[in-house]
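Everything below concerns the one structure shown next.
Derivation of every value follows stated rules applied to the coordinates shown; laboratory data play no part. In this text the structure is predicted, and so the values were computed from the model without any measurement. Note that each Cβ is placed from the backbone with ideal geometry, even for glycine, and that neighbours are counted across all protein chains shown.
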Amino acid sequence: MREHGQQLKRDYRAIEAPPGFAARVQARLPRSSPRRYAWLPAAAAAALVVVALLLLRPAEPPRTMVAGLGPAPSLTALSRVMADKPSLRSPSLTRLRSYSAPPLPPKPRAGPPADRARPHRRSHLETTLEETHHG
Amino acid sequence: MGRSMRDLDAADSELLRRFRRGDEQAFTAIVQRFQHRICRLCAVWLSDPQLVEDAAQEVFLRSYQGLRRFRFRSAPFTWLYRTTRNVCHEFNRIRRDDALPELADDGPGPAGELQRYEAARRLRAVLAELPPRQQEVVLLRVFEDLPVRETARAMGCREGTVKALLHQATQSLRGLLDEEHAG
């Protein structure tokens with residue numbers, strides 16, 4: 001039986017596709033690959049949505065006023081205002097390092113603060129010393 | 001040195017990845033690589049040998065669309081096998097519904113086609129004695145040398161079922177072939 005089985009297997013393996021089979025399959029394939037243009041429907045839908053939004057935008061009705069207040073500013077207007085506002089840049093570290101402060105004004109000439117605080121004691125000491133020296 | 005089944009599967013999967021990325025040449029390579037195996041299966045399953053090439057072409061045309069969604073959960077041949085089985089069943093059903101006369105063993109038809117698939121006719125005659133599931137397991141496991149795991153995936157059953165079916169089929173075939181040999 002084993003030999004018969006092996007013979008059947010050999011016979012089975014001997015079966016081959018007819019000559020030129022692959023070329024005939026190739027000829028029947030669709031010319032354009034569906035994958036190559038698979039993005040087209042999605043792109044068309046996106047384009048339609050964009051066009052519809054652009055067409056609807058000018059025809060938008062004015063916003064209703066709320067209780068005497070002016071019309072609420074639109075987000076678009078706000079974003080424009082923000083864009084117009086000059087941007088504040090943080091000072092660069094290099095500029096900060098090279099910054100030279102203007103010279104301070106000269107201090108007013110005056111005696112040491114201790115003397116100014118105790119004028120009567122100084123004069124008293126000087127008087128005492130003078131008296132001792134001369135005396 | 002021959003390449004192992006795992007290497008072959010890896011090469012097939014790489015071809016499939018290239019095809020999925022849009023490489024049309026990779027599909028041509030897939031057809032060339034699998035054409036003989038698909039034609040063998042069609043020759044065994046189809047009752048009309050003149051339909052073998054049409055059915056095999058249909059398999060590859062469906063693969064051109066279907067393999068783009070292949071998820072690499074099994075070997076590419078497993079996917080092709082299932083498609084081939086479905087196509088052959090459809091062709092047989094259409095032929096039956098059209099009430100065409102069954103081709104006799106030595107019936108009319110293009111001589112070249114009949115001769116080409118003569119071995120398939122003999123094989124079909126032997127397999128016809130088995131239940132359909134046993135026929136499948138013999139084709140895949142014995143004649144196609146598929147591993148048990150891939151055979152189970154192709155048939156949509158457990159590996160244990162494959163082993164049991166193969167055991168039953170071997171027993172039946174042994175009796176059949178011994179009788180044939182003795183007769």
Got a sec? How would B:C157, B:C42 order by Cβ neighbour count within 10 Å, fewest to most?
B:C157, B:C42
Kindly put B:W45, A:W39 in sequence by how many other C-beta atoms sit within 10 Å of each C-beta, fewest to most.
A:W39, B:W45
In the stretch B:129-183, with Lys and Arg counted as +1 and Asp and Glu as -1 at Cβ, which of these residues, B:A152, B:V137, B:L176, has the Cα nearest the positive end of the dipole, that is, farthest along it?
B:A152
Order of B:R17, B:R40 - criterion: other Cβ atoms within 10 Å of each residue's Cβ, fewest first
B:R17, B:R40
Hydrodynamic radius by Kirkwood for the stretch B:129-183, inverse mean 1/r across distinct Cα pairs, in Å, is 11.4 Å
B:A128 to B:E14: extension gain in nm, 0.36 nm per residue of separation minus the Cα-Cα distance?
37.4 nm
